[in-house]
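Report on one structure; see the data block that follows.
The values are calculated or read from the model by the stated rules, or taken from the named source; none is laboratory data. Values in this document were obtained by computation on a predicted structure and should not be read as measured data. Using ideal geometry, Cβ is built from the backbone for each residue, glycine included, and neighbour counts are taken over all protein chains shown.
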Amino acid sequence: MPFAVSISILGLVQAGLVALPRARARPAWIECLDSPGWALIPAGSVIFVIGVVELESSAATWLSYLALVAVPPLAAFALGSLLHRSSLGWAWAALPLFALAWGLPHALAGEAAATALSGLGCVTLGWLLVCAVPASWLRLGVYAMAVIDTVYVSADLLQGPNAVLNAAAPGASLPALQSVHLGSAVMGFGDLFVAALVGCLLVADGPQTCHIDTFAARRQRVAAALTLVLALGFDLLFFAVDTLPATVPVAIALALVESRPLQVQRLFVP
């Protein structure tokens, strides 16, 4: 698949992750974890992962095993309860997705299945974070992640560790879910995570059922549309550079929706 098509599809995946989450009541057990400090996770994850891989390249393999163990059940939970029109029965869809990702690792179907698993796992991680962190702090965390991502890419600090992380894989030809490979394009796990986090954040204060006419659902759709448009426009910079911080279009979309919600809605919502 040509790079232009591959990276455009990944931009569509990011937009889909903004649009997919629905509002859901937070569990009682998470109240004991409430803290603004968790807002450091989005930006801190970039610093931590790149730093660890830079210091010890074998850490990339351990991270691939961590993703292998954590992502499928997180994806199953998202399929079962965190998406629009989700149900418990859909949670079983994680099994054939994992089978495809494992059985066809270098085919487009296998890559798409692995991408779906990673993205859905990010929805659960985003929901957990939204449940434990005040929205105002979490928005700052998203913006900080985009800034740090941009600084790392601009200073050429991200490319080397990222290449090691993307090349890492568990044994027995098990799927590498710590990064996203689709066609000839590669995207980091954090790029999907920030999109899913923004989707969860936008519906966090909405009603428990995201009806199509609610403000939260409209705002979510607008943010998804903005993410897609900005991502496709941002990808044009690949004519000049080899690596881009894919967190930036998502952060800009969030900033636009949060700063002028009514005006932005009129551009996209009749």
Filter result for Ala78 (at pLDDT 90 or above and surrounded by fewer than 16 Cβ atoms within 10 Å (Cβ to Cβ)): no
Residue count for the stretch 85-106, restricted to those that are farther than 26 Å from Ala23 by Cα and in contact with a Gly (Cβ under 6 Å, 6 or more places away or on another chain): 3
Near pairs, Cβ below 6 angstrom, 6+ apart or cross-chain, from the stretch 134-149 (farther than 17 Å from Ser259 by Cβ) to any residue that is among the hydroxyl-bearing types (Ser, Thr, Tyr) and part of a helix (DSSP H, G or I): Met145/Thr247; Asp149/Thr247
Matching residues, the stretch 48-62, being under 19 Å from the mean Cα position of the chain (by Cα) and either at pLDDT 95 or above or surrounded by fewer than 16 Cβ atoms within 10 Å (Cβ to Cβ) (or both): Phe48
Hits in the stretch 138-181 - residues which are under 11 Å from Pro245 (Cα atoms) and either modelled with pLDDT of 90 or more or crowded, with 16+ Cβ neighbours inside 10 Å (or both): Met145, Ala146, Val147, Ile148, Asp149, Thr150, Val151, Tyr152, Val153, Ser154, Leu158
Condition met for Leu117 (touching a residue at least 60 places away in the same chain (Cβ under 8 Å) and outside any helix (DSSP H, G or I)): no
Among residues of the stretch 13-45, those that are surrounded by 15 or more Cβ atoms within 10 Å (Cβ to Cβ) and either under 13 Å from the mean Cα position of the chain (by Cα) or not charged (D, E, K, R) (or both), counted: 18
Residues located in the stretch 146-167, provided they are among the hydrophobic types (A, V, I, L, M, F, W, C) and in contact with a Ser or Thr (Cβ under 8 Å, 6 or more places away or on another chain): Ala146, Val153, Leu158, Val164, Leu165
